[in-house]
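The next block holds one structure in the form of structure tokens; read it before the comments.
Derivation of every value follows stated rules applied to the coordinates shown; laboratory data play no part. What you see is a predicted model; the values in this text were computed from it and never measured. Every residue, glycine as well, gets a Cβ built from its backbone with ideal geometry; the counts of neighbours run over all protein chains shown.
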Amino acid sequence: MRHARRLLGLVLLVLVLLPAGAAGAAEGERPVVRVGTEGTYPPFSFHDSDTNDLTGYDVEVIKAVAEKAGWKLEFVETTFDAIFAALDAGRIDVIANQVTDNPERQARYGLSDTYTYSRGVIVVKTGTKGITKLSDLKGKTTAQSLTTNYADLAREAGATVEGVEGFAQAAALVVQGRVDALINDNLAALDYLNTTGSDDIEIAGTAGDEVSEQKLAFRKDDAALLQQANTALAALKADGTLAKISEKYFKIDVSVENSGDADLSGGRAVRSDAEIVQDAAWPMFRALLIATIPITVISFALGLVLAVAAALANISGSRILSGIARVYISIIRGTPLLLQLFIVFYGLPEIGIDLPPWPAAIVALSLNVGGYAAEIVRSAILSVPKGQFEAASTIGMGYWQSLRRIVFPQAARTAVPPLSNTLISLLKDTSLLSVVLVTELFREAQNAASSAQTFFPLYLLAGVYYWVVCALLAAGQGRIETRLNRFVAR
């Protein structure tokens, strides 16, 4: 019991220090500006296959803007479908991820001057006939990130939109014949074709005649940052820096309209599956060690404390405590974990509770574990014969002493198998944490897959990592059960 209290105190200390450490990252007088980007959208935002560093056209542009504006940047990676929620919740200060200008975004956000001009294109499986323009998509199915401008174009054209995380996933669905087409930036499509060397898809036509304008996105009330960004962009255009960055990636200046056809040949080379896996193996393993496993351990420990408290409240004679416990359990079991993560990370800041990514992830996962494990603990306690309580009472033990010395040791043997399943499920549930800006094992796999435009070998490697850890947990479960057998009344 003394060790358990020490562990709980250590966990609470970690939770307190994490936000303090993040807050202390400010450097001198330079303001810290948090940049939201995908990290999985080449050539604009992706991870270099050799160094695993975040790079890309948009990344270099925002770094150049920061140099002119005097900002210190902190990059925050998340999915595009969560990126505006992160901006609204104050998790990031600016989006640098090819945000296309449209009236809805103009009304809600502060959009900078244009730094990229491009065109939307329709991509189909090679040899597909009858889809060359937007009107041909009526009654068809396209794959898009749901919150992009291109998803809106597809819907307006009468297409059914299937949500995906990024271009590479959409292209895979097109190749597999699961959707009819996708709409995306012509520069992203050219990068995909160049990087993969694939001839399975082709650009069938343009998505309308309008030129798309991409801008940095700020909150409406961050007028000062927006003005600084516009001043910096003007200076970067004037001194040729934007043109230099653009020509590095596209061999034309995409920061001006109608500058010609982009050429992405000679950029990122096609790599074999073995090279891709070799480059990604260590970053994925490191994320497993420094994020996935620690978050799992801390969340399970806190969740188990909540579970015991909820179970005891549920079986107590107090209607109030029992009612609170049942409502808590019902809410947790009746809502998806992904929704719980969004509420804790993006919803609570609206009422003044602003948790950094790690504490937010731990809070959400702990609450989830507590809700599910409470019923396991309750049933395990009730499985101990009532005679055990009575025997403890006859020798002068009080209620709490009976629980600690008699009931809990016997209940633990019954609870270990289902609690082990809960722990294993929790480990796998950490794969959802990229939506709250935590880079864990699966997020690293996504980074590598999007950069290489290859999925199967990298996701297979991620599966092996998860399976090995789960197998070790299952082996540990057997040893614990054996040790607890001595507490079972026979």
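Odds and ends about this structure:
- Least to most buried among Tyr249, Tyr57 (fewest other Cβ within 10 Å first): Tyr249, Tyr57
- Percent of beta bridges antiparallel (DSSP, the chain, rounded to nearest 5): 65 percent
- Label point at Ser383 placed 7 Å out along Cα→Cβ; residues across the range 408-433 whose backbone nitrogen lies under 14 Å: 408-422
- Evaluated with a Cβ-only charge set (Lys, Arg +1; Asp, Glu -1), the range 273-487 carries a dipole of roughly 1140 debye about its Cα centre, given to the nearest 20.
- Take the Cβ atoms of Ile331 and Thr206, set R0 to 41 Å, and the FRET efficiency comes out at 0.25.
- Taking other C-beta atoms within 10 angstrom as a stand-in for reagent exposure, Leu460, Leu473, Leu111 fall in the order Leu460, Leu473, Leu111, fewest first.
- With both labels modelled 7 Å from their Cα along Cα-to-Cβ, the Phe456 to Glu257 distance reads 4.5 nm.
- With neighbour counts taken as other beta-carbon atoms within 10 Å, the residues Val297, Val327 rank, fewest first, as Val327, Val297.
- Ordering Gly347, Phe46, Pro409 by the projection of their Cα atoms onto the charge dipole of the chain, which places +1 on the Cβ of Lys and Arg and -1 on the Cβ of Asp and Glu, puts Pro409 at the extreme positive end.
- One equal scatterer on each Cα of the range 120-206, no solvent, Debye formula: the resulting log10 I(q)/I(0) at q = 0.11 Å⁻¹ is -0.23.
- Test item: Cα-centred dipole of the chain, Lys/Arg +1 and Asp/Glu -1 on Cβ, debye: 3320 debye
- The Cα atoms of the range 199-288 define a convex hull whose projected area, averaged across directions, is 10.6 nm².
- Normalised size of the range 273-487, defined as Cα radius of gyration per 2.2 N^0.38 Å with N residues, equals 1.20.
- For the chain, the longest principal axis of the C-alpha atoms and the axis of helix 2-23 are separated by about 20°.
- Between 0 and 90°, nearest 10: helix 456-484 axis offset from the chain longest Cα axis: 10 degrees
- Here the gap between Ser265 and Glu74, fully extended at 0.36 nm per residue and compared with their Cα-Cα distance, gives a gain of 65.7 nm.
- Among Trp358, Ile245, Ile92 - extreme Cα towards positive end, dipole of the chain, charges at beta-carbon: Trp358
- C-alpha center-to-center spacing [the range 119-173, the range 192-267] in angstrom: 21 Å
- Helix-only CD estimate at 222 nm, as mean residue ellipticity for the chain, using -39500 (n - 2.57) per DSSP H run (n ≥ 4): -17500 deg cm²/dmol
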